[in-house]
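First comes the structure, then the notes that go with it.
No value in this document is a laboratory result; all are computed from the given coordinates. Keep in mind that what you see is a predicted model, and the values were worked out from it rather than measured. Here Cβ is always computed from backbone atoms with ideal geometry, including for glycine, and neighbour counts include all displayed protein chains.
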Amino acid sequence: MADAEGRRVCGMPEKAQLHVAMLALQFGYAGFHVVSRLALNMGISKLVFPVYRNIIALCLLVPFAYFLEKKDRPRLTLSFAVQFFLLALCGITANQGFYLLGLDNTSPTFASAIQNSVPAITFAMAAALRIEKVRLDRRDGVAKVAGTLACVAGASVITLYKGPTIFGGPEAALGLLDDKAAAPNDLKNWTLGCVYLIGHCLSWSGWLVLQAPVLKKYPARLSVTSYTCFFGVIQFLIIAAFMERDADAWKFHSGSELFTILYAGFIASGVAFAVQIWCIDRGGPVFVAVYQPVQTLVVAIMASLTLGEKFYLGGIIGAVLIIAGLYLVLWGKSQERARLARESSRDAVVIPPDAAAGTAAAPIIRSAKLQAPPPLSSTTQPLLLPSENV
């Protein structure tokens, strides 16, 4: 971001544009959590909702993937098709399915809070598969491990301890709380909902880890996402064919139902995806990730105003632990990158030309270690925190 100050749009430097874009992105994702809960409150099927949402996302992604990645997109083979199918099973079907089941039994605020643990879970999975190295003799390694443990502890507190009500929330201040939403939460299973949300985070992290080797062989980010989205639609349609026998569930009964699906498809899966790719490309994945807790705060405010959501002591304690763990992991990753950059530059040895030979040959640069490859662009690497953008 060294040259960010030099690029201006309407008199605003690029650094300021990035911060504004990230704040807008968090508001967009926060609105998605609330809108999804409103959709469930209206009685929209948990299978029909993701089908329509991913169809909209697919229609938005395909044109960009086709025209922007003509030269970068390898030929589709059976092996790639199987990998895309598995990515869809993990990153869309299981991810979104567990999210809706968890959201239906808990609340938007706690769904957003638990999502802050995704970077830590991704790190743990990558370390278990030896993709990520863990050095406990360094500060960055200790920070990543401590952050992961804090996220696990926070998710455990939210799941196992609900606690007393800290804040009851206004009674549908904006008039969006219907009879079903106003019903007591005793009909919901809070612990089971949190387990579903943990499954959602595990699926999401698994998708990020599995996506990395696929992108090395198929370096076309938009095309990979489009194929994944396509297979996700197919999988949801197959599941819905067996489990959703009511044909009336596929119809829109009100403008509010239509709005929730359009918001999920266009804003959360289309506009947010484009904004996030630009922010990651210009600011880096860590810059994008540090804004994630802002989403939890915005969700809490929105859900309190629109849904009359209650806040429980266990959820607040768990959210604090998860957010602290998130920042520890991000700090560890940042320190690790800085250390590797220093070591790489220090290991490079400049050997001057042989003076006795009397030649004007240029200095030879030898390195004791292999130089790290240049970082991939945002369109050829998995996004760190994609939230619900697929």
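Within a 10 angstrom radius of the beta carbon, how do D248, D140 rank from fewest other beta carbons to most?
D248, D140
How do E309, E343, E244 line up, fewest other C-beta atoms within 10 Å first? List each step's numbers first, then the result.
Numbers: E309 25, E343 13, E244 17.
The most exposed by this proxy come first: E343, E244, E309.
Which lysines does K162 reach when only Cα atoms under 26 Å apart count, and residues fewer than 8 places away in its own chain are ignored?
Cα-Cα hits under 26 Å: K46, K180, K188, K310.
Per 0.36 nm of contour for each residue apart, how much would the distance between I238 and I166 grow if the chain were fully extended, relative to their Cα-Cα spacing?
21.7 nm
So, R0 is 51 Å and r is the distance between the beta-carbons of A16 and D246; what FRET efficiency does that work out to, to 0.05?
About 0.55, to the nearest 0.05.
With 10 angstrom as the radius, rank K15, K333 by how many other C-beta atoms surround their C-beta, starting from the fewest. Working shown, then result.
Working: K15 16, K333 21.
In increasing order of surrounding Cβ atoms, one gets K15, K333.
Could you give the radius of gyration (one decimal) and Dmax (whole number) of the Cα atoms in the range 48-163, in Å?
That works out to 18.7, 56 Å for Rg and Dmax.
Using just the alpha carbons, could you tell me how many Å³ per residue the convex hull of the range 18-367 encloses?
Details: hull volume 60.8 nm³, N = 350.
Per-residue hull volume (Cα only) is 174 Å³.
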